[in-house]
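The values are calculated or read from the model by the stated rules, or taken from the named source; none is laboratory data. The structure presented is a predicted model; accordingly, all values stated were derived computationally and were not measured. The protein model used for the area step is the full one, side chains on, heavy atoms only, and it has no ligands, DNA or RNA in it. Shrake-Rupley method; radii C 1.70, N 1.55, O 1.52, S 1.80 Å.
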Amino acid sequence: MRSLLYITFIFSVIIFTLSAFKANQNCVNIEIEYPKVLEDSLKVDKRYDLKLVSYENKLKVIKEVRLITGWGLTECKTKVDQAPVIILKNLEGERAAALKLQFESASATVEAIEITE
């Protein structure tokens, strides 16, 4: 009796997952646009590296680095401890400006360094 209930439960989970997957296929793809927050010094057609210079709240900055980069906790902690350090490389102007604001909201001081070719 237990195995029949277990099989029924697994079957219902599979059906639910497949129906959710099918529902997601019918969704409209939405392009995410970064807000128009370019500073005067950042240009759209240029590429930038983001350098973490300093921070006030280490924990917030580690969380932000982890959220933005997808790195593990240990790697993020190591990078933040090494400040000043380049966190992200080769970003478009708009993305660099948006991420700079995001880091600044987490009490970090960040520089956008223009890449020269």
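Things to note:
- Across the accessible surface of segment 49-117, with the other protein chains kept in place and a 1.4 Å probe, carbon and sulfur atoms take up 48 percent.
- Accessible area per residue in Å² at 1.4 Å probe, computed on segment 43-117: 59 Å²
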